[in-house]
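The values are calculated or read from the model by the stated rules, or taken from the named source; none is laboratory data. As the structure is a computational prediction, the values presented were derived from the model and not from experiment. Note that each Cβ is placed from the backbone with ideal geometry, even for glycine, and that neighbours are counted across all protein chains shown.
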Amino acid sequence: MRFALDDAQQDMADTLRNLLDAADTPRIARAWAVGDAEPWRKLWRGLAELGVTGLTTPHRYGGLQLGPVELAVCLEQCGYAALPGPLVESLAFLPRLLSDQWLAELAAGRSVGTVVIAEHLPYALDADQADAVFGCADGAVRRIGGIRLSRRESFDPTRRLFAVRHSSSELVESGDFDVAFDHGVLGAASYLLGLGRRMLDLSTAYVGQRHQFGRPVGEFQAVKHHLANALLELEFARPLIRGACLSVAADGAWRSRDVSAAKVAAGEAAYTAARTALQVHGAIGYTAEHDLHLWLTKATALRSAWGTPAWHRRRVAAALAVDTATPIGGTRCAGHEP
């Protein structure tokens, strides 16, 4: 099984990273946290010009209709930049859930959506800035109208959560919720991987600059061990995400198991990278003024979004109990039956 990106996918990743670097996403994130959406909207229009806003949207709505690998590549770069907003909802979940003309607005970058999913996302992310809010319950998908919002506390100031009350709703045509949800989980895992990679890069750069006893702290063996452990967890999470991409693309029986395994691994790897980053940065890492804070808080909050680690572990365990012969991210071993 080949997990390496092809040239087109790598070019997509490089182009998106360059765009996000040039946009100064920490500045955008801080503006977004206080309700100033204009810098974010400007970047969203730039992403639309690259086709990112219509990445997985079907051709008939003006999208690129690309697959899970491209989705994972783009959301990893968004995580690396700590780009705020309902990205997983708009880029991963809704394009797979809806069969609605609103997707054309999304693909063109003229609209952005968010969702309420009772079990896993009871509060709508950035609902005050979303152009459409959808509710998923009892197997039905509704577009919510007459919205009244109540702000809820979030560990991450740039993940602005709202309880949504509404006076009207419209039933919309939708696809398979389970498939769409697994795309959302895969998107969250990819974003977490990007967060972890950026925190590791920030930490590596910082320990090369910070000196103690006349030497860069990065030369101390204990610091190297911490950074190496974080790197190992991130690199072990990456093939699980790539394997989940293949499972999602094939829509195989082990799709849900593989995306859950990827989400758990990416969440734990990002959490380890966050703890390591705090440790090597010292006191400055705890300050809200330092850019590291943007990645730390987002990794902690997203670790439990789109299903908690415990929920995903139970889903993996249940799947393995049913089918122990299918390797995660792979095909059934020859000579074995479930």
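Conditions (1) among the hydrophobic types (A, V, I, L, M, F, W, C); (2) farther than 27 Å from Ala31 by Cα, marked per residue:
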| site | (1), (2) |
| --- | --- |
| Glu49 | no, no |
| Ala81 | yes, no |
| Leu97 | yes, yes |
| Ala104 | yes, yes |
| Ala124 | yes, no |
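If you go through region 182-228 and keep only what is free of Cβ contacts under 8 Å to residues at least 12 places away in the same chain and hydrophobic (A, V, I, L, M, F, W, C), you end up with Ala205, Phe213, Phe220, Ala222, Ala228. Among the conditions (1) within 30 Å of Leu246 (Cβ to Cβ); (2) of a type in the set (Phe, Trp, Tyr); (3) assigned to a helix (DSSP H, G or I), the only one that Phe3 does not satisfy is (3).
Among residues belonging to region 168-182 that are part of a helix (DSSP H, G or I) and of a type outside the set (A, V, I, L, M, F, W, C), point out the one that is nearest to Leu97 (Cα to Cα). Selected residue: Asp178.
When Val248 is tested against (1) among the aliphatic types (A, V, I, L, M); (2) crowded, with 21+ Cβ neighbours inside 10 Å; (3) farther than 14 Å from Ser190 by Cα, exactly one condition is not met: (3). Pairs are defined by a Cβ separation below 6 Å, a sequence spacing of at least 6 or placement on different chains, a first member in region 149-173 that is in contact (Cβ under 8 Å) with a residue 60 or more places away in the chain and over 12 Å from Leu125 (Cβ atoms), and a second member that is of a type in the set (Asp, Glu) and assigned to a loop (DSSP other than H, G, I, E, B); the pairs so defined are Val172/Asp100.
Within region 91-105, can one find any residue that is in contact with a Pro (Cβ under 7 Å, 6 or more places away or on another chain), farther than 21 Å from Ala130 by Cα and not polar (S, T, N, Q)? The answer is no, given that none of the residues of region 91-105 is in contact with a Pro (Cβ under 7 Å, 6 or more places away or on another chain), farther than 21 Å from Ala130 by Cα and not polar (S, T, N, Q). Exactly one residue out of Glu119, Glu89 is crowded, with 24+ Cβ neighbours inside 10 Å, of a type in the set (D, E, K, R) and under 25 Å from Asp176 (Cβ atoms): that is Glu89. Set side by side, the residues Ser90, Ser174 differ, and just one is farther than 21 Å from Trp32 by Cα, out of contact with any Asp or Glu (no Cβ under 7 Å at 6 or more places or on another chain) and not aliphatic (A, V, I, L, M), which is Ser174. In region 59-76, the residues that are free of Cβ contacts under 8 Å to residues at least 60 places away in the same chain reach residues that are assigned to a helix (DSSP H, G or I) and surrounded by fewer than 17 Cβ atoms within 10 Å (Cβ to Cβ) with C-beta atoms within less than 6 angstrom, at least six apart or across chains, in these pairs: Gln65/His59. Within region 266-304, the set of residues being closer than 29 Å to Ala118 by Cα, small (Gly, Ala, Ser) and crowded, with 23+ Cβ neighbours inside 10 Å comprises Ala266, Gly267, Ala269, Ala270, Ala274, Ala299.
So is Ala237 farther than 25 Å from Leu98 by Cβ and either touching an Asp or Glu at 6+ places or on another chain (Cβ under 7 Å) or buried (at least 21 other Cβ atoms within 10 Å of the Cβ) (or both) or not? Yes. Note on region 30-58: residues that are among the small types (Gly, Ala, Ser), over 28 Å from Arg242 (Cα atoms) and touching a residue at least 60 places away in the same chain (Cβ under 8 Å) total 3. Within region 284-318, the set of residues being within 15 Å of Val207 (Cβ to Cβ) and hydrophobic (A, V, I, L, M, F, W, C) comprises Ile284, Leu292.
Among the residues of region 194-201, are any outside any strand (DSSP E or B), under 30 Å from Gly139 (Cα atoms), at pLDDT 95 or above and not small (Gly, Ala, Ser)? No.
Scanning region 53-68 for residues that are surrounded by fewer than 21 Cβ atoms within 10 Å (Cβ to Cβ) and of a type in the set (A, V, I, L, M, F, W, C) yields Leu64, Leu66.
Residues that are in contact with a His (Cβ under 9 Å, 6 or more places away or on another chain) and in a helix (DSSP H, G or I) within region 276-295 comprise Thr276, Gln279, Val280, His281, Ile284, Gly285, Tyr286, Leu292, listed in sequence order. Screening Thr158 with (1) touching a Lys or Arg at 6+ places or on another chain (Cβ under 6 Å); (2) under 23 Å from Val264 (Cα atoms); (3) β-branched (Val, Ile, Thr) gives one miss only, at (1).
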